[in-house]
Amino acid sequence: MFKEDFLWGGATAANQFEGAWNVDGKGPSIPDMCTNGSREHSKLFTQTINPEYLYPSHEASDFYHHYKEDIALLAEMGYRCFRMSINWSRIFPTGMEKTPNENGLAFYDKVFDECRKYGIEPLVTLSHYEMPLALGVEKDGWLSRETIDCFMRYVETVFERYRDKVRYWITFNEINAGQMPIGDIISTGMVKGYEGPIDGIRRTEQERYQALHHQFVASARTVRLAHRKYPQFRVGNMLTFIACYPINCDPDNILLANRYMQNMNWYCSDVQVKGAYPYYATAMWRDKNVILNVTSKDIEDIEKGTVDFMTFSYYMSICVGKDGEKDKVSGNLTGGFKNPYLTASDWGWQIDPVGIRYALNAAYDRYHVPLMIVENGLGAFDKVEADGSIHDTYRIDYMRKHIEQMKLATEDGVDLMGYTNWGCIDLVSLTTGEMRKRYGQVFVDKYDDGTGTMERRRKDSFFWYRNVIRTNGMEL
Ligand code: BGP
């Protein structure tokens with residue numbers, strides 16, 4: 001059973017949804033310099049805008065000019081929570097200014113007021129794969145310690161401004177992406193001197209883990225600031241949880257799967273929830289030739305800045321094993337071996353509803369803090385029928401099966417705060433830059449070539465999800 005005050009809702013990210021990339025004083029961000037791509041062709045990062053390319057974040061779904069209509073649609077579905085992010089470069093255009101851009105702040109005032117009007121609780125991600133371009137180009141993103149101070153100036157500004165409008169905050173989206181090659185650009189912003197495919201950059205493990213350490217410190221300082229000055233706030237962390245199974249019961253593969261869970265899932269949450277680097281970090285750093293530069297103040301911040309709740313995205317699971325002969329599958333940021341018991345989405349992500357129950361139990365068992373699923377969903381092709389309807393039964397099926405397993409997890413005893421499905425209103429795909437990879441309950445008339453009227457349409461899943469929320473998950 002879900003709690004009475006369960007936070008049902010949906011999730012978006014500013015750079016994939018807002019558009020208006022250079023409007024009202026906003027500065028360019030790293031995703032604003034990423035072209036469109038596809039499953040076969042990676043997006044490119046360019047240092048300057050190249051007129052031969054399309055940059056999907058520039059217009060995206062134009063939430064900037066549709067926020068009233070969009071929030072009204074979320075309210076019509078009965079949303080209790082709307083996960084969104086603030087575009088850092090709308091508030092501090094280069095990230096290095098001393099005073100914020102008032103127009104940017106005023107935009108989010110309007111968005112939060114609109115949510116409050118309908119009794120929708122905003123859940124705000126401070127950094128969702130977006131950083132002012134200038135910080136990436138001049139400072140090499142999170143590799144520089146100075147970025148922590150720039151980020152804290154931004155956090156202090158938005159905390160103070162929205163102290164009466166926002167209660168729930170998330171520090172970094174999918175922070176463990178910083179451990180992966182694709183995270184070098186999208187997550188830790190180390191773009192100095194680089195131009196090319198977003199998954200083609202190869203920073204050293206030393207740089208990767210140092211940049212991630214700076215994010216840990218920034219996250220911990222954010223939590224400490226909230227606890228000191230804004231006791232009404234609740235601050236969470238966020239991972240991409242990749243449920244990982246051994247490909248078979250060969251004990252070596254059991255160990256490999258356990259190692260994967262430690263290194264790729266628990267490494268970040270152990271730091272953010274428990275307040276210290278875990279024991280296995282030493283072996284991992286040794287294997288990767290990483291020697292971190294850590295100050296005693298960093299250690300104190302990490303120890304004292306532990307989060308109030310833990311959140312994660314859950315899309316899929318993978319298998320690992322030592323046998324290199326097995327078929328590979330792709331997935332959310334990373335892939336693994338194919339699981340013969342599962343099917344996959346049109347983009348090759350393995351669909352594993354039971355994995356969400358496994359993930360919730362594993363995380364709760366480890367930390368005993370409230371959990372929230374803040375992303376989950378099916379990226380799929382949608383077809384608009386002649387009468388304008390969209391019969392996305394495949395999406396309903398995916399969500400139903402995952403919500404059923406979440407319900408079982410609550411019956412297992414997991415303290416689950418809420419669920420926000422990803423891309424509730426269609427938006428630009430993170431990994432491929434496509435519009436046709438749609439997740440929403442609301443269709444946006446926008447296409448990969450940049451055409452479309454931006455009209456919003458309710459899909460069948462809109463009406464289905466509305467009933468799920470109305471019945472608090474009793475009717476699926
Ligand atoms: C997560 C990101 C989101 C989102 C989602 C779906 O990793 O936090 O920003 O986009 O994945 O991924 P995609 O858009 O590539 O289908």
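Readers should treat all values here as calculations from the given coordinates under stated rules, not as data from a laboratory. Because the structure is predicted, anything quoted here is derived from the model rather than measured. Counting neighbours? That spans all protein chains shown, and the Cβs are built from the backbone with ideal geometry, glycine included.
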- Message: Tell me whether the chain comes out rounded, prolate or oblate; compute the Cα gyration tensor, take square roots of the eigenvalues as a ≥ b ≥ c, and use a/c under 1.5 as the rounded threshold.
- Response: rounded
- Query: Where in the chain lies the longest segment free of GluC sites (Glu not before Pro) that are both loop residues by DSSP (not H, G, I, E, B) and have at most 13 other Cβ atoms within 10 Å?
  - Reply: 53-324
- Task: Write out the chymotrypsin sites (Phe, Trp or Tyr not before Pro) in the stretch 72-159 meeting two conditions: DSSP loop, and at most 15 other Cβ atoms within 10 Å of their Cβ.
- Result: Y118
- Residues T451, T35, T240, T157 arranged by fewest to most Cβ contacts within 10 Å: T451, T157, T35, T240
- Non-local residues with an amide H under 5 Å from the amide H of M372, with H modelled 1.01 Å from N and Pro and chain starts lacking one, are M310, T311, F312, M417
- Task: Please go through the residue pairs K3/K26; K165/K304; K117/K139; K43/K383; K139/K322 and name each one whose alpha carbons sit more than 32 Å apart in this structure.
- Result: K3/K26; K117/K139; K139/K322
- Pairs of Cα atoms under 8 Å, at least six residues apart: use those to get the relative contact order of the stretch 7-470, whole percent. 17 percent
